[in-house]
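Peer 1: Handing you a structure now.
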Amino acid sequence: MAPELVLNVVIAGLLTGLVYGLMALGLSVIFGVVRVVNFAHGEMMTIAMYAAVVLFAAYRLDPLLAVLPVAVAFFVFGYALQATLINPFITRPEHSQFMLLVAVALIMVNGLLMVFGPDARNVQVDYQLESFALGPLLFDKARVLAAATAVATSAALFAFFRLTLLGKAIRACADNHLGAQVVGLNVKRLYALTFGVGSACVAVAGCLMILLVDVTPVLGPAYTLLAFVIVIVGGLGSMPGALLGGVLIGVSEALAGLFIAPSAKSMFSFALLILVLLFRPQGLLGRRV
Amino acid sequence: MTPARRAGVALALLGAALVTLPAFAGSYLLSVATLILFFAYAGQAWNVMMGFAGQLSLGHSLYVGLGAYAAAGLYFHYGIGPWAGVWLALALCVAAGLVIGFLAFRFGISGVYFALLTIAFAEFTRIGFDHIQWLGGPGGLFIKVEQRVAWDLPNLRGTPAMFYYVILGLNAAALALCAWLLRSRAGYYWQAIREDEEAARALGIDTFRWKMLAIGVSSAMTALAGVFFAFYYNNLFPEQIFHISRSIEIILGPIIGGLGTLFGPILGAAVLTILADGITELMAWLGIEVPGIKQVFYGLCLLVVVIFRPHGIWPAIARRLGL
């Protein structure tokens, strides 16, 4: 097999992996702070993908620009979801939270099915088939733009959590729930904000992903599992870990698709997940609890 | 009457009703009852792990699928009936369960991480079976449907009523086994581990060993559900039987019914199956044919139960009935 081909596949996997990483970042942020595993994460991703499809069909809005309105809408939605449904569940056992989010996910998948039907949808932007060459390497323009936006969004998120007072307050909640309450932080509001921020992340990831793949309602559960695999591999609650995990999974999927069979690609992701859980349960970049 | 007496009488009445059901039920009602009993049994098996021992498995479809494929594969390729296949199914599922349990419990994986590990194994196996052409791959494995009149119990070929009695018998056995387990030494140790694993260990309970027993018993019970599934439906697809939605279907019953209770899995399976069928009937009656609308209603009902009945519906009913 030609080395250029392998290298090109690796590059495509890496760029897709950055978008995966952003999606997983949303899950990681939510789990790291609220300590609730968002089992409806992939479903939210598909809703964002459909939102981008609708905005493109109605207003010819480029998905790269649709990122902004969809992210704002998802922030509000995530905030409301946490404030109304999930906040009462944060003290309940894990299986109870799991059930709640499974029910939410079921409603989301089938709501999409009701509205859009089972057929695949996509967007046809002008630069869909454009690519540029760098020596023997080929770069897909849409993929590069999507990856760049994903990196920029992640950087903004890092800055938010590191530099702003609000971000620090949220991190305080994550570090010590009781301590945060003692110093007078409104933990429930901060949880809702965090869920909003995590939802906005997945909204951006969804708008970018629609540039790379077609969307159907049933993609939701698959993306949920993918996001889990990525955050566990990278380290649940670790933000750089989510990006690293995304890139690793993106590249491993691409290589498995090339060398073995496209249908077997997620088998390698799950094998990686099992290995990481056994030998480094805190994830590659996670802190040991 | 004492509560125990009342419970015994109620159970006897229910048992009598269920045993006589095929005499007057039509084929539709019988198929719904069989489906309810299938989920009640699988839920009972899962409940041993989560309800008794507190280990959240989200990958029980793995054992259903392995059990189903083991027995169906033997029958399909060598004509060896499930009377032998069931032992292979048991051996495979218990082995899989013990390997997963050993890895997870040795490495101290619990809670959400354990749940994700079980999903990972089930999904890994699902995609793996998609690539085993010998067992039909993604195209599915089909068992020949023959002679539906006489009962051929060792080969599990027969009328719908036979399948109904088989799964009813499995349920009765599972209920008895679980009732006994719950009052045995293992049951008390499991409940101690479920409530507080650290404390259980401090009391000198070998938590590793008892958790291994829980996953072993649960996977063995689920293996039988898989064998039943294979021969009742006569077709197997990795995409369906190993899928995470199958695992979720299995665990909804016990959680809605009442986690850790003996009757919760049965009641939960009945409520959910009747709800799903009722919604289908209602939509047909209203003439609404929108794909997905049934599941949206189903999801909303789940949401209501999870929010307002966090401990399931059976504990409240049991209190009301004075059981």
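Peer 1: Which of the helices in chain B, when you take each full DSSP H run, stretch at least 24 Å along the axis at their Cα atoms and have an average Kyte-Doolittle score of 0.0 or higher?
Peer 2: Counting only whole DSSP H runs, the qualifying helices are B:3-24, B:27-47, B:61-78, B:82-106, B:111-130, B:160-183, B:207-233, B:264-286.
Peer 1: For region B:8-22 and region B:254-309, write down the distance between their C-alpha centroids in whole Å.
Peer 2: 24
Peer 1: Could you calculate the contour length gain from B:Ile80 to B:Asn235, that is, 0.36 nm times the residue separation minus the distance between their Cα atoms, to one decimal place in nm?
Peer 2: This chain segment gains 54.1 nm when fully extended.
Peer 1: So, R0 is 45 Å and r is the distance between the beta-carbons of B:Ile293 and A:Glu4; what FRET efficiency does that work out to, to 0.05? Please list the in-between numbers first.
Peer 2: Numbers: r = 50 Å, r/R0 = 1.11.
FRET efficiency, B:Ile293 to A:Glu4: 0.35.
Peer 1: Here's something else I'd like to know. Sequence neighbours fewer than 8 away in the same chain don't count; with that in mind, list the aspartates and glutamates whose C-alpha is under 18 Å from B:Lys211.
Peer 2: Straight-line reach from B:Lys211, under 18 Å: B:Glu195, B:Asp196, B:Glu197, B:Glu198.
Peer 1: For B:Val145 and B:Trp180, compute 0.36 nm times the residue count separating them, minus their Cα-Cα distance, and round to one decimal in nm.
Peer 2: Values: separation 35, 0.36 × 35 = 12.60 nm, distance 3.75 nm.
Answer, rounded to one decimal: 8.8 nm.
Peer 1: Hey, another quick one. Give the residue from B:Cys178, B:Tyr69, B:Ala7 lying farthest towards the positive end of the charge dipole for region B:3-321; charges sit on Cβ (+1 for Lys and Arg, -1 for Asp and Glu) and the dipole is referred to the Cα centre.
Peer 2: Towards the positive end, the residue furthest out is B:Ala7.
Peer 1: Pairing the Cα long axis of helix A:165-175 with the longest principal axis of chain A, what angle in degrees results, from 0 to 90 and rounded to the nearest 10?
Peer 2: Taking the Cα atoms of chain A, the angle to A:165-175 is about 80 degrees.
Peer 1: With a ≥ b ≥ c taken as the square roots of the eigenvalues of the C-alpha gyration tensor of region B:3-321, please select rounded if a/c is under 1.5 and otherwise prolate if a/b is larger than b/c or oblate if it is not?
Peer 2: rounded
Peer 1: Could you compute the longest span of chain B free of GluC sites (Glu not before Pro) located in DSSP loops and having at most 15 other Cβ atoms within 10 Å, not counting the site residues?
Peer 2: Of all site-free stretches, the longest is B:1-145.
Peer 1: Taking 0.36 nm per intervening residue step and subtracting the Cα-Cα distance, what contour gain separates B:Ile132 from B:Val99 on full extension?
Peer 2: 9.7 nm
Peer 1: Additional query: Sequence gap at least 6, Cα distance under 8 Å: using those rules, report the relative contact order of chain A to the nearest whole percent.
Peer 2: Here the relative contact order equals 39 percent.
Peer 1: Follow-up question, since we're still on this one. Once R0 is set to 56 Å, what does the formula 1/(1 + (r/R0)^6) return for the Cβ-Cβ distance between A:Ala148 and B:Phe308, expressed as a FRET efficiency to the nearest 0.05?
Peer 2: Computed FRET efficiency for A:Ala148 and B:Phe308: 0.75.
Peer 1: A further question on this structure: Hey, which lysines would be in cross-link range of A:Lys168, C-alpha to C-alpha under 26 Å, not counting anything within fewer than 8 residues on its own chain?
Peer 2: A:Lys168 reaches A:Lys188.
Peer 1: Go ahead and set up a Gaussian network model of chain B, Cα springs under 10 Å, then flag whichever of B:Met283, B:Met221, B:Met212 fluctuates most.
Peer 2: Top of the fluctuation ranking is B:Met283.
Peer 1: Is the shape of region B:213-290 rounded, prolate or oblate, going by the alpha carbon gyration tensor and its root eigenvalues a ≥ b ≥ c, with a/c under 1.5 for rounded and a/b larger than b/c for prolate?
Peer 2: Details: a/c = 2.54, a/b = 1.40, b/c = 1.81.
Here region B:213-290 falls in the oblate category.
Peer 1: For the protein assembly as shown, what does the equivalent ellipsoid look like in terms of its semi-axes, each the square root of 5 times an eigenvalue of the Cα gyration tensor, given largest first in whole Å? Don't jump to the answer; show the numbers that get you there.
Peer 2: Numbers: eigenvalues 343, 165, 118 Å².
After diagonalising the Cα gyration tensor, the semi-axes are 41, 29, 24 Å.
Peer 1: Which angle from 0 to 90°, rounded to the nearest 10, does the C-alpha axis of helix A:187-209 make with the longest principal axis of chain A?
Peer 2: 10
Peer 1: Okay, next question. Quote the charge dipole size of chain A about the Cα centre in Debye, to the nearest 20; the model charges only the Cβ of Lys and Arg (+1) and of Asp and Glu (-1). Write out the running numbers ahead of the final one.
Peer 2: On the way: 15 positive and 11 negative charges, 201 e Å.
So the magnitude is around 960 debye.
Peer 1: Place a label point 7 angstrom from the Cα of A:Arg35 along the Cα-to-Cβ direction, then list the residues of region A:167-188 whose backbone nitrogen is under 18 Å away.
Peer 2: A:169-188
Peer 1: So which trypsin sites (Lys or Arg not before Pro) in region A:204-289 pass both tests, a DSSP loop state and at most 12 other Cβ atoms within 10 Å of the Cβ? Display every interim value, and only then the final one.
Peer 2: Details: sites: A:Lys265, A:Arg287, A:Arg288; in loops: A:Arg287, A:Arg288.
The qualifying sites are A:Arg287, A:Arg288.
Peer 1: A follow-up question, please. Taking the Cβ of B:Met50 as the center, what net charge do the other residues with Cβ under 13 Å away carry, scoring Lys and Arg +1 and Asp and Glu -1?
Peer 2: Residues near B:Met50 contribute +1 overall.
Peer 1: Farthest toward the dipole's positive end in chain B, which of B:Phe105, B:Gln191, B:Leu272, given Cβ charges of +1 (Lys, Arg) and -1 (Asp, Glu) about the Cα centre?
Peer 2: B:Gln191
Peer 1: Run the quick spin-label model on A:Ala261 and B:Trp285: label points 7 Å from Cα toward the beta carbon, then report their separation in nm to one decimal.
Peer 2: Going from the A:Ala261 label point to the B:Trp285 one covers 4.6 nm.
Peer 1: Same structure, new question: So if we plug the beta-carbon distance of A:Ala155 and A:Asp214 into 1/(1 + (r/R0)^6) with R0 = 25 Å, what FRET efficiency do we get, rounded to 0.05?
Peer 2: Working from the Cβ atoms, E equals 0.30.
Peer 1: Charges only on Cβ, +1 for Lys and Arg, -1 for Asp and Glu: so what's the dipole of the protein assembly as shown about the Cα centre, in debye to the nearest 20? Show your work: numbers first, answer last.
Peer 2: Details: 33 positive and 25 negative charges, 339 e Å.
Roughly 1620 debye, rounded to the nearest 20.
Peer 1: Report, to the nearest 10°, how far helix A:219-234 tilts away from the longest principal axis of the Cα atoms in chain A, using its own Cα long axis and a range of 0 to 90°.
Peer 2: Tilt relative to chain A: about 80 degrees.
Peer 1: Which Cα, out of B:Leu262, B:Ala45, A:Asn38, lies furthest along the positive dipole direction of the protein assembly as shown (beta carbon charges, K/R +1, D/E -1)?
Peer 2: B:Leu262
Peer 1: What is the magnitude of the charge dipole of region B:3-321 about its Cα centre, with +1 placed on the Cβ of each Lys and Arg, -1 on the Cβ of each Asp and Glu, and no other charges, expressed in debye to the nearest 20?
Peer 2: Roughly 760 debye, rounded to the nearest 20.
Here, each number is a calculation from the coordinates, and none is a lab measurement. Note that the structure is predicted; figures quoted are calculated from it, not measured. Heads up, the Cβs are rebuilt from the backbone with ideal geometry, glycines too, and the neighbour counts pull from every protein chain shown.
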